[in-house]
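This report concerns only the one structure given below.
The values are calculated or read from the model by the stated rules, or taken from the named source; none is laboratory data. What you see is a predicted model; the values in this text were computed from it and never measured. Heads up, the Cβs are rebuilt from the backbone with ideal geometry, glycines too, and the neighbour counts pull from every protein chain shown. Areas reflect the complete protein model, heavy atoms only, side chains present, ligands, DNA and RNA absent. Shrake-Rupley method; radii C 1.70, N 1.55, O 1.52, S 1.80 Å.
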Amino acid sequence: MGPLIPNGVIPYEWNNIIAILIGIFFGFILESSGFSSSRKLAGVFYGYDFAVLKVFFTAALVALIGILYMDYLGFLNMEQLYIHPTYFWGAIIGGVIMGVGFVAAGFCPGTSLCAVAIGKIDAIVYVIGIMVGIFIFSELYTVFEPIYDGYFEGNITLMDSLGVNRYWFAFIFTIIAIVAFATSDMIRKRVKKIFY
């Protein structure tokens, strides 16, 4: 058992169609949840709205537990899953740039495209900034390449790097999520409500 397309359960030709459908549904859900609002997204950093933290933390946790259960029941072979390679400094520098952009604009790349789809001007400016950044990176790739390709750590997961059993990791991650949710609720009760 394993992933459906690589094992021929679903024909390879459906790959892009399925990706487009998932993207449309994901964008619809983001917009329906109010995640096209930069105020809602920036609320995580200012302490007045933790919906983004809760939704994406829950999504990661459900995906982790779901994959572990499917692997345990034999519906999925975790060894066949693609693990993106880790380049240590590239990940850290990229994360800092992404974080600064997230706080400054109130959008991540996905939510910015969702906001562009409904005509938000601040999101359009943000996406233009992303495109300019991509252009600069591609034109100066030879300058950035030592950082981009340097400090290769392999195709590792957080479980591998911490040396923790995958089931213990899921348990610890669940406890961290519960503590994060409880803490965010306590912070939100102390911060003035903002209506938008």
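Given the criteria over 19 Å from Phe45 (Cα atoms), of a type in the set (Val, Ile, Thr) and either touching a helix residue (DSSP H, G or I) at 6+ places or on another chain (Cβ under 7 Å) or open to solvent by 90 Å² or more (accessible area, probe 1.4 Å) (or both), does Ile97 qualify?
No: the conditions fail for Ile97.
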For this session: State whether the residues of the range 138-157 include one that is touching a residue at least 12 places away in the same chain (Cβ under 8 Å), open to solvent by 50 Å² or more (accessible area, probe 1.4 Å) and charged (D, E, K, R).
Result: yes
Exercise. Scanning for something of a type outside the set (Lys, Arg) and on the phi > 0 side of the Ramachandran plot, does the range 80-94 turn up at least one residue?
Worked result: no
For this session: Test each condition in (1) in a helix (DSSP H, G or I); (2) open to solvent by 60 Å² or more (accessible area, probe 1.4 Å); (3) out of contact with any helix residue (DSSP H, G or I) (no Cβ under 7 Å at 6 or more places or on another chain) for Ala63 and report the one that comes out false.
Result: (2)
Problem set entry | First in the range 68-84 and among the charged types (D, E, K, R), second anywhere and open to solvent by 100 Å² or more (accessible area, probe 1.4 Å), Cβ under 6 Å, 6 or more apart | none
Exercise. Quick one: is Thr58 exposed (fewer than 14 other Cβ atoms within 10 Å of the Cβ), β-branched (Val, Ile, Thr) and under 18 Å from the mean Cα position of the chain (by Cα)?
Worked result: yes
Exercise. Here are Val127, Val116, Val179: which of them is in a helix (DSSP H, G or I), open to solvent by less than 100 Å² (accessible area, probe 1.4 Å) and either touching a residue at least 12 places away in the same chain (Cβ under 8 Å) or more than 25 Å from Tyr48 (Cβ to Cβ) (or both)?
Worked result: Val127
Exercise. When the range 92-113 is examined, which residues are found to be in contact (Cβ under 8 Å) with a residue 24 or more places away in the chain and closer than 21 Å to Ser36 by Cβ?
Worked result: Gly101, Phe102, Val103, Ala105, Gly106, Phe107, Cys108, Gly110, Thr111, Leu113
Exercise. Are any of the residues in the range 25-35 among the hydrophobic types (A, V, I, L, M, F, W, C), assigned to a helix (DSSP H, G or I), open to solvent by 90 Å² or more (accessible area, probe 1.4 Å) and touching a residue at least 60 places away in the same chain (Cβ under 8 Å)?
Worked result: yes
Exercise. Assuming Phe107 fulfils every condition listed in (1) in contact with a Ser or Thr (Cβ under 8 Å, 6 or more places away or on another chain); (2) closer than 29 Å to Phe152 by Cβ apart from one, which condition is it?
Worked result: (2)
Exercise. Going by the structure shown, is Tyr151 within 16 Å of Trp89 (Cβ to Cβ) and of a type outside the set (D, E, K, R)?
Worked result: yes
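Quick check on this structure: which one of Tyr48, Tyr87 is aromatic (Phe, Trp, Tyr), surrounded by 11 or more Cβ atoms within 10 Å (Cβ to Cβ) and more than 20 Å from the chain's Cα centre (by Cα)? Don't jump to the end; show me each part of the working.
Values: Tyr87 fails: more than 20 Å from the chain's Cα centre (by Cα).
The match here is Tyr48.
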